[in-house]
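Encoded as structure tokens, the structure appears first; notes follow it.
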Amino acid sequence: MDFLLSDKHRAVRRSVRTFCEREIFPIAKDIDQEARFPWDVVEKMGSLGYFGVQVPVELGGAGLDALSYAIVIEEISRACAGLGLCLAVHYGVVVFPILAFGSEDQKKKWIPPLARGEKIGAFCLTEPNAGSDAAGVESTAAYGDGHYVINANKVFVTNGGVADICLIFARTDPKAGRKGISVLVAERGTAGFVVGDLEDLCGVRANPVSSIRLYDCRVPEENLLGNEGMGLRIGLTALDTGRMGIAAQALGIAQAAFDEAVRYAGQRRQFGVPISAHQAVQAMIADMATQLDAARLMVYRAAILSDRRKPFGQESAMAKLFASETACKVTDLAVQIHGGYGYSKSYPVERYYRDARVTRIYEGTSEIHRIVISRGVMGA
Amino acid sequence: MRLNIIVCIKSVVLDVPQGPVVRSAESCELNPFDRPALELALKLKELHGGTVTAVTMGPESSTSALLEAMALGVDRGILLSDPALSGSDTLATSTALAAAIHAIYPFDLLLFGTRTADSDTGQVGPQTSVLLDLPLVTGAHAVDILQTVMRVVRRADGFREVFEVTLPAALTVHPGAVQPRDITLYGIASSFESRLIEKWGLKEIGLTPDQVGEAGSPTRVYALNRVKKDRICDFLPGPTEEMADELIRRLLETGLIK
């Protein structure tokens, strides 16, 4: 077991961090307050290859490994969780499923613009009555005359406000239960494709999360991903990779909060000494450092298993569960260390605290992950 | 005209060392002051065609700096590494670099950063140029290549100097001269995959151990100590208005404001 990063991975981290410090950190507070998606920065991220880290070179990507991908997400999220989320969902649950299940024609058509960040992807599964219960999807896709006519009401779509290429989970066979769900690709601009209002969220506010509704939206049969009935299989496979990206996002948020807490604890003086000299604060810092380190090892291990083509579903579930819960604990302690200032928007920790909370909810709630993990131990 | 450009770069230590300096892959990075020199080289290549070669002298761990330079678009990377080179001061370093550059001949332009983020002497550029008998302009802000002559703009003390220099020539590039491009993931993937770095030792550059390393260094670091700053913390008494008045009075008294 080699716990040290290679020079290539260190170079990836350095280059992304330099970019973030120059381009994202200075605007992160504003884009959170304004809930604004920073297009100019996103374009630069695209040109640097951040939207296609793992996409093969021949399809316009950088052709790097999952560990590099985790590092990119972690570093971007450290600067802005909303942008980290954009990348994680774009690759993990849109680009990756097309690579894994798409035909050669589908890959050639959609992957290159997605890899370059010229088009942004969104994953449309959740509905008002179907969240954790993915099989409860009510959207329909009726086949006829070489087309599917889709009617869907999808909510909480990450990147929804800006996405061009959307994976829509809908029932192609209403009688087949779990096996009646399929995945269709719908593009913005198609008649009947409507982007709803942006959600006004507690955190990750730079991400344009919205609803997406399809009203008799006709897409050609070539837009079916895989075969009819593969919807849940595609969705659950996608989520294995997607959750690793979210774990990396949670890690980045936790790291940002930890850095701020350490800085503040070293400077703030009470009772004649920096507060880092007080035992209660020392205990907090120690717990934060330890949990952050453990979370990092888990996230990187899941990525390395993926790179070695070994099964990694269990490890990525554990990484997502642990990293998201760590992010919530670390950001909470970071606010506490800042005292009253931690509750003010003048300091960034309140934003990290708000950003962290959703990581326990999306891409599979902590409760769902506990079920997944225990099934992995006990057998389904 | 096509330009053959050589850029000397260094892998520098990131953090202030607690004890003796240990150069390892984890503790070092490409000297930030070399990035503008690399950027200028790449821009000139885009304009005129030609090649850019990056050369670094250092231990094996300096390979990362060369690979990052190649990820930016540098065509050729040369690592000058030999146990005999260890302990070199700036003159011994310049001797070694000059010998390496002789072996790379011919070239049109030799670029350096103005200094390194760790040693901070700013001496290697000028010393190497003198050893190679090259005209040198330091702190270059802008460069125009006109046939066999180069116009270099340098800003100093509110003045703008324009030099006309015949090629081949050397420059140290001012940190503010150009905005260095970001290293792309595409570049990193390609350069770290192919790892096409040439490794040279004393044999390749035709030097003997007594000319470099500690033996070839007329200067030696005698001691390296952290500067400890004693901070005196004065708490201004009274309500905010009084504190403000007292603060202004002290700033005026010490001449920090007028």
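Readers should treat all values here as calculations from the given coordinates under stated rules, not as data from a laboratory. Since the structure is predicted, the reported quantities are computational estimates derived from the model, not experimental observations. FYI the Cβ positions are ideal-geometry reconstructions off the backbone, even for glycines, and counts take in every protein chain you see.
Summary of computed values
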| quantity | calculated |
| --- | --- |
| Alpha-carbon gyration tensor eigenvalues x 5, square-rooted, for region B:1-111, Å | 25, 16, 10 |
| Gaussian network model of chain B, springs between alpha carbon atoms under 10 Å - residue of B:K229, B:K45, B:K199 with greatest fluctuation | B:K229 |
| At q = 0.13, 0.24, 0.27, 0.28 Å⁻¹, base-10 log of I(q)/I(0) for region B:10-59 (Debye sum, equal scatterers on each alpha carbon) | -0.42, -0.90, -1.02, -1.06 |
| Antiparallel DSSP beta bridges within the protein assembly as shown, percent to nearest 5 | 60 |
| Per-selection metrics, region A:233-378 (Cα): Rg and Dmax in Å | 16.9, 60 |
| Contact order relative to length of chain A, as percent, for alpha carbon pairs under 8 angstrom and 6 or more apart | 17 |
| Listed residues A:V55, A:T140, A:I165: farthest to the positive end of the dipole of chain A (Cβ charges) | A:V55 |
| Intensity falloff of region B:89-239 expressed as log10 I(q)/I(0), Debye formula with alpha-carbon point scatterers, at q = 0.17, 0.19 Å⁻¹ | -1.18, -1.27 |
| B:K229/A:R13 FRET efficiency (R0 30 Å; Cβ-Cβ; nearest 0.05) | 0.45 |
| Point-charge dipole on Cβ atoms (K/R +1, D/E -1) for chain B, about Cα centre, debye to 20 | 380 |
| Contour minus Cα-Cα distance for A:R22 and A:E221 (0.36 nm per residue) | 67.2 nm |
| Chain B: relative contact order in percent, alpha carbon pairs under 8 Å with at least 6 residues between | 23 |
| A:R36-B:R249 FRET efficiency (beta carbon distance; Förster radius 35 Å; 0.05 resolution) | 0.20 |
| Overall Cα dimensions of region B:116-160 - principal axes, largest extent first, Å | 34, 30, 15 |
| Which of A:M378, B:M243 has the fewest Cβ neighbours within 10 Å, and the rest in rising order | A:M378, B:M243 |
| Options A:C217, A:L236, A:A176, ranked by Cα towards positive dipole end of region A:163-239, top entry (Cβ charges) | A:A176 |
| Selection from B:L252, A:G339, B:Q147 lying farthest towards where the dipole of the protein assembly as shown points positive, charges on Cβ | A:G339 |
| B:Y222 paired with A:K29, simple spin-label distance in nm, labels 7 Å along Cα-to-beta-carbon | 4.8 |
| Intensity falloff of the protein assembly as shown expressed as log10 I(q)/I(0), Debye formula with alpha-carbon point scatterers, at q = 0.08, 0.10 Å⁻¹ | -0.71, -1.01 |
| Binned Cα-Cα distances of chain B, short to long, each 10 Å bin given as a whole percent | 7, 27, 30, 17, 9, 7, 3, 0 |
| Pairwise Cα inverse-distance average, inverted: Kirkwood Rh of chain A (Å) | 21.1 |
| Label-point separation in nm, A:E58 to B:R181, each point 7 Å along Cα→Cβ | 2.6 |
| 10 Å-binned pair-distance histogram of region A:122-229 (Cα, whole percent) | 17, 50, 28, 6, 0 |
| Computed over region B:43-84: relative contact order in percent, which uses C-alpha pairs under 8 Å that are six or more apart | 44 |
| Residues in region B:229-258 reached by a label modelled at A:S346 [backbone nitrogen below 17 Å; 7 Å Cα→Cβ] | B:240-241, B:243-244 |
